[in-house]
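The values are calculated or read from the model by the stated rules, or taken from the named source; none is laboratory data. Bear in mind the structure is a predicted one, so any value in this text is a computation, not a measurement. Note: ideal-geometry Cβ built from the backbone for every residue, glycine included; neighbour counts use all protein chains shown.
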Amino acid sequence: MSRSWKRSIGDDTADPRCAVTFMQTSVEESDAPAHTRPVRVAMTVGGVVPVLRVFGVTQNSASVCAHVHGFHPHLWCTTPQWQTLSGPEAMARFCDVLDVAVADETRNDDSARRVLEVKAMPRRDVMYHSRAEFTQPYFRVTLRRPCHITACRKALSRCERFKCLGLTAPFELYEADVDYTLRYMVDVGMVGCSWLTAPAESYAPRRSEKRDTRCQIEFDIDYAQLVAHDPEFAPYDGVAPLRVFSFDIECCAEEGHFPCPSSDPVIQIAVEMVVEPIAAEWRRVYTLGDCGRLAGAEVIACDDERQLLRRWSSDLVAADPDLIIGYNVQNFDIDYLMRRAEALGVIEFPYFGRVRRKKAESKEMTFSSKAQGTRKNMRAVIDGRVVLDVMQSIQTDHKLSSYTLNYVSERFLGERKEDVHHSMIAKLHRGDRNTRQRLAAYCLKDAQLPVRLMRKLMLIYNLTEMARVTGVPLSYLLHRGQSVKVFSQLLRRAGREGLLLPTHARDEAVVGDGGVAYEGATVLDAKAGYYEVPIATLDFASLYPSIMRAHNLCYTTLVPADRRAEYAETELTLTPTGDCFVKPEVRRGLLPAILDDLLSARKRARALIKTTDDPMMRGVLEGRQLALKLSANSVYGFTGATVGKLPCLAISASTTAFGRRMIDETRSFVLREYTVANGYPHDADVVYGDTDSVMVRFGCADVAEAMRLGALAADQVTALFPAPVQLEFEKVYHPYLLMGKKRYAGLLWTRADRHDKLDTKGIETVRRDNCAFARNTIAGVLRRVLVLRDVPGSVEYVKGRIEELLTGRVDISELVITKGLTREVSEYATRAAHVELAAKRRRRHAATAPRVGDRVPYVILRGHKTSKTYELAEDPVRVVERGLPIDHRHYLEHHLKLPLTRIYAAILPNVERALFSGPHTMGSAPQRLTRSVEHAAGISRFARVVKACAGCRTTLSDADRDAGLCAHCRVDAQSLYVQSMLEIDALAVAHHAHTAECQRCQRSVLHEVICANRDCALFYRRIKTQNDLREARARFAAVEW
DNA sequence: CGATAAACCTAT
DNA sequence: TGAGATAGGTTTATCG
Ligand SMILES: Nc1ccn([C@H]2C[C@H](O)[C@@H](COP(=O)(O)OP(=O)(O)OP(=O)(O)O)O2)c(=O)n1
């Protein structure tokens, strides 16, 4: 076991007489001239051939690179005139003609043969069920290189080229859109993160002078020799010890500027190396200039930046990590380091991948999906190492209102983190060894946090499991979407049954009303109201997957309308959309089988949740369970994805149609069965339902009885439907506030003796685009009404909150609204506050401005009555720094009033009078805050400077200017004096308290607080009291007492 | 001014 | 050549 920073080179160097077994972490494409192949392979070819580099780790933590030879990509095709191609002679001619055609479609390639083989094989199309054992042969076209696949597709589309063979009809393509890496993995039965064995004597170890990589074990092997193990069974269900390299850099920018790699130096890099899941850890901090000692970390002080970069790069190579992690490392750190090294001419720097003589790269990628939106990111490509950007993982798995390291640390680790403002970084760097030591401590912390997040979120375990269940390599999980996972599973299942996936022609999707291709689920009308009796919730378990399994919905089971006559009625299922599928007894579909796998994995994850009491752990396992559920639902979604690889709306539309029928039947059953006429004390009512759930008012007053009836009804309804469809009694809401479709809140009970929690759906409290003030206030109301059952208390609470707001006592951090920037600023059709601000910020400071996919935080400032809201959005940090005036009344009118009115509509008569009139709505924000935006922004800069009375803030006449008080206030100067002193005193105390709290956070009272954590309420409070104090003192000083 | 479209985010 | 799906509520800008 490797127990040092450097990955030890011990007895692990491969002895060809022993087998090598390792866990695969990455599969990468490369190529080499065929004549240099060190191992014998089945197919003899010339020119450049592809070589797969399979990287991984042994159980002893030795790094491995297997150069896998002899695997060539292929696609399939067929033609209605297949009979023309019977016989070896015709095939040989076809092969030759195709080779020429492919050559004509290929650029920059050697002249060696491209079409290596065309072989007719008995296969079938996954589309449609067919009884026939054999319909027509399919031709497997093996090509030399991955780039020839595209060329071959183009060649096959040119019908005229094949006229000479008597082929005039267009070819139909199959599996012509499969990535080479995935093709290989599917064909050899290798799933992501699986264990592999190169058996003894099957491989050729690389002698040191022939090594291409820096892995400890490096060998060549024929692809047919490398054995892939099933991850289902021990010992191949485990995870190898992975070496994880986490780092963070600090740069020194010009005053007030964001660092720019062409001019601004990298001054520190902190690294934490860990071996997962073993707790071995090493820490190093590379500093520019000498630096005091750090506990638990080695300081490597460099005199020169070039030396620092070189040292970091070579240390990374020595550490030989499998995983490189960090927070936002792809967008910032890695890219910056590489650009910086280039600017400094440190040519050896980018060679920190595992492949010698290959540079790491950083390139821009955009990912776009409906659920995730559009995200533009840099992606670091480092051969043999997987880059896991913890920020990106959290962005895909969690919906948060901010994704800064500060915010997520607090959220997931429960600890505040300091953020050193860039101007401070330069100061600390330019100071002495002590200030640099301080900086190094921050830098190190930022390198350690990603490791802690990774552990807490169990990223490695969760990703490994997902890679194994869905079959895709780790990198696909990090950079691609749901569809490739479904595609991978489909390819595997189809392959096992001799079926081929047609390559879908990309034409315009048939889009119906509102840009939707087919009808989705039913949402029952909500009987809005406040229910004081228990409402039982019945919910189908994994509804769409269970429908697809129950009715055997699949490409392979679909029967086209004109072939129904070939089947007995009992062999078919007619779906509500009029589509027809064969029953599982005739043929079991691929999709149901895929869903079986995913759902059993989900079941295992759910079972694990019950084994722990730690809420954080439960949360993580819950996330894993949800990810598997999402994958299962995405199997359904894949069939409905009209811009995807294999849409089949008969499947997706039938699934939703069954779902609609089921929710209707469930509703009718409950209404019909649970009646006074049938001996129950009350007539039941279905007050709401969405897609797969019904909310039932059985009429009983106690929770236990509602649970009993709910469970009973669930079982009865389950019996109405084919297995594995199952209606579950899940929970009771009591009381229940139903506001409308997709909007409700209720106290949730899963057991009769105590409630679980307040559950809120769709209401403002769960929406990230509401400010915390609105969310917290509404949540406070819901808690008082539904949990404490104290309506009058809730009214008082609201009034108090409104008063706080209007008197300027609400912290700015509670008034920050965030909205996602969903596209480029120029692409918006209408103006919107967050978009205008994003544009403004770009003009101010392009490097720190929000990018597509980022969330834009803003507050609304006071402005002229004629101003549009979108003109009044401003960056919260700027607002605090400059003391810009917030439009508190805007928050009342636009973020609180309507939501609260809707909530109270079911609870209180005359909401307007009860909540929004009275003295608390008068407000009396301090004058300082009532300056208009124009004033603050300097539009009235040329106006004569007026001076206000320190007592009442009225404008002072020239005569009173020097005194600082108007005639009226001068009368009571003495009490004003006391008042002012008290105000200054209170502010000083508050400022001291905030500073002290920040010092506690930074774990040092000896130093000035330098944190600028925008996601920390304390930061805003501290700056605000600081400003208030300064102004109060200035006002005081302006008076001739 | 009222209707409608655009934008966002959520429920399932 | 990549991208699971649809339903629906609310706020704000814009159109007529
Ligand atoms: N991201 C999602 C969530 C749901 N659905 C569809 C398919 C689901 O079967 C159905 C019901 O959704 P639920 O959220 O109730 O989840 P499930 O029924 O799938 O799972 P369970 O109720 O077992 O948690 O809605 C979907 O297509 N995509």
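For the stretch A:684-705, the count of residues that are over 30 Å from residue A:888 (Cα atoms), within 16 Å of DNA strand C (Cβ to nearest atom) and of a type in the set (Gly, Ala, Ser) is at least one. Where helices (runs of 4 or more DSSP H) fall entirely within the stretch A:874-928, those with at least 2 residues that are under 38 Å from the mean Cα position of the chain (by Cα) and over 15 Å from residue A:801 (Cβ atoms) are at A:876-882, A:897-905. All conditions but one from (1) in contact with a Ser or Thr (Cβ under 9 Å, 6 or more places away or on another chain); (2) modelled with pLDDT of 95 or more apply to residue A:43; the one that does not is (2). Residue under question is residue A:650, and the condition is that it be more than 16 Å from DNA strand B (Cβ to nearest atom), in a loop (DSSP other than H, G, I, E, B), among the small types (Gly, Ala, Ser) and at pLDDT 95 or above; does it hold? No: the conditions fail for residue A:650. Across the stretch A:732-746, the number of residues qualifying as within 16 Å of the ligand (Cβ to nearest atom), under 14 Å from residue A:532 (Cβ atoms) and either surrounded by fewer than 24 Cβ atoms within 10 Å (Cβ to Cβ) or among the charged types (D, E, K, R) (or both) comes to 0.
This table checks each residue for (1) of a type in the set (A, V, I, L, M); (2) modelled with pLDDT of 95 or more.
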residue: A:276; (1), (2): no, no
residue: A:280; (1), (2): yes, no
residue: A:309; (1), (2): yes, yes
residue: A:312; (1), (2): no, yes
residue: A:316; (1), (2): yes, yes
residue: A:335; (1), (2): no, yes
residue: A:345; (1), (2): no, yes
residue: A:351; (1), (2): no, yes
residue: A:366; (1), (2): no, no
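In this structure, residue A:539 does satisfy being of a type in the set (Asp, Glu) and either touching a Pro at 6+ places or on another chain (Cβ under 6 Å) or within 16 Å of DNA strand B (Cβ to nearest atom) (or both). Taken as a whole, the structure places residue A:102 among residues that are at pLDDT 90 or above, touching a helix residue (DSSP H, G or I) at 6+ places or on another chain (Cβ under 6 Å) and crowded, with 20+ Cβ neighbours inside 10 Å.
Taking the criterion of being within 28 Å of the chain's Cα centre (by Cα) and without any contact (Cβ under 8 Å) to a residue 24 or more places away in the chain, no residue of the stretch A:333-358 qualifies. Within the stretch A:8-25, restricting attention to residues that are at pLDDT below 80 and either buried (at least 20 other Cβ atoms within 10 Å of the Cβ) or among the polar types (S, T, N, Q) (or both), the residue that is nearest to the chain's Cα centre (by Cα) is A:8.
Residues checked against (1) farther than 25 Å from residue A:588 by Cα; (2) within 16 Å of DNA strand B (Cβ to nearest atom):
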| residue | (1), (2) |
| --- | --- |
| A:460 | yes, no |
| A:464 | yes, no |
| A:470 | no, no |
| A:474 | yes, no |
| A:505 | yes, no |
| A:519 | yes, yes |
| A:522 | yes, yes |
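For residue A:475, are the conditions met, namely being touching a residue at least 60 places away in the same chain (Cβ under 8 Å) and not in a helix (DSSP H, G or I)? For residue A:475, the condition - touching a residue at least 60 places away in the same chain (Cβ under 8 Å) and not in a helix (DSSP H, G or I) - is not met.
Tell me yes or no: at least one residue of the stretch A:601-611 is within 16 Å of DNA strand C (Cβ to nearest atom), assigned to a helix (DSSP H, G or I) and basic (Lys, Arg). So far as the stretch A:601-611 goes, yes, one or more of its residues are within 16 Å of DNA strand C (Cβ to nearest atom), assigned to a helix (DSSP H, G or I) and basic (Lys, Arg).
For (1) of a type in the set (Phe, Trp, Tyr); (2) touching a Gly at 6+ places or on another chain (Cβ under 8 Å), each residue gets a yes or a no:
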position: A:789; (1), (2): no, no
position: A:792; (1), (2): no, no
position: A:797; (1), (2): yes, yes
position: A:809; (1), (2): no, no
position: A:816; (1), (2): no, no
position: A:820; (1), (2): no, yes
position: A:826; (1), (2): no, no
position: A:842; (1), (2): no, no
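On the stretch given as the stretch A:643-681, residues that are closer than 30 Å to residue A:481 by Cα and surrounded by fewer than 14 Cβ atoms within 10 Å (Cβ to Cβ) total 1.
Scan the stretch A:449-501 for residues that are farther than 26 Å from residue A:121 by Cβ and not aliphatic (A, V, I, L, M) and the total you get is 19.
Checked against the criterion of being away from DNA strand B (no atom under 15 Å from the Cβ) and surrounded by fewer than 20 Cβ atoms within 10 Å (Cβ to Cβ), the stretch A:621-636 has no qualifying residue. In the stretch A:620-640, how many residues are at pLDDT below 95, within 13 Å of the ligand (Cβ to nearest atom) and more than 15 Å from the chain's Cα centre (by Cα)? Residues flagged as at pLDDT below 95, within 13 Å of the ligand (Cβ to nearest atom) and more than 15 Å from the chain's Cα centre (by Cα) within the stretch A:620-640 amount to 2.
Taking the condition polar (S, T, N, Q), in contact (Cβ under 8 Å) with a residue 60 or more places away in the chain and closer than 30 Å to residue A:283 by Cα, does residue A:483 pass? Write out each step before concluding.
Numbers: polar (S, T, N, Q): yes; in contact (Cβ under 8 Å) with a residue 60 or more places away in the chain: yes; closer than 30 Å to residue A:283 by Cα: no.
No, not satisfied.
Taking the criterion of being touching a strand residue (DSSP E or B) at 6+ places or on another chain (Cβ under 6 Å) and either within 16 Å of the ligand (Cβ to nearest atom) or farther than 16 Å from residue A:736 by Cα (or both), would at least one residue in the stretch A:779-789 satisfy it? No, because not a single residue in the stretch A:779-789 is touching a strand residue (DSSP E or B) at 6+ places or on another chain (Cβ under 6 Å) and either within 16 Å of the ligand (Cβ to nearest atom) or farther than 16 Å from residue A:736 by Cα (or both). The set of residues in the stretch A:802-822 that are touching a residue at least 60 places away in the same chain (Cβ under 8 Å) and in a helix (DSSP H, G or I) comprises A:802, A:803, A:805, A:806, A:812, A:813, A:814, A:815.
Here the strands (runs of 3 or more DSSP E) wholly within the stretch A:507-578 that include at least 1 residues being surrounded by 13 or more Cβ atoms within 10 Å (Cβ to Cβ) and within 16 Å of DNA strand C (Cβ to nearest atom) are A:529-531, A:535-540.
Count, please, the residues in the stretch A:672-696 that happen to be within 16 Å of DNA strand B (Cβ to nearest atom) and in a strand (DSSP E or B).
As a first pass, look at the stretch A:672-696 and keep what is within 16 Å of DNA strand B (Cβ to nearest atom): A:686-696.
Those left that are additionally in a strand (DSSP E or B): A:686-690, A:693-696.
Summing the residues that are within 16 Å of DNA strand B (Cβ to nearest atom) and in a strand (DSSP E or B) in the stretch A:672-696 gives 9.
For residue A:768, the requirement of being among the charged types (D, E, K, R), part of a loop (DSSP other than H, G, I, E, B), loosely packed, with under 15 Cβ neighbours inside 10 Å and within 16 Å of DNA strand B (Cβ to nearest atom) is met.
Across the stretch A:823-877, the qualifying residues are those that are free of Cβ contacts under 8 Å to residues at least 12 places away in the same chain and among the β-branched types (Val, Ile, Thr), and the one among them that is farthest from the ligand (Cβ to nearest atom) is A:866. Of all residues in the stretch A:636-676, those being within 8 Å of DNA strand C (Cβ to nearest atom), out of contact with any Ser or Thr (no Cβ under 7 Å at 6 or more places or on another chain) and closer than 21 Å to residue A:501 by Cα number 3.
Of all the listed residues (A:715, A:753, A:702), the sole one being closer than 25 Å to residue A:615 by Cα, surrounded by fewer than 22 Cβ atoms within 10 Å (Cβ to Cβ) and over 35 Å from the mean Cα position of the chain (by Cα) is A:753.
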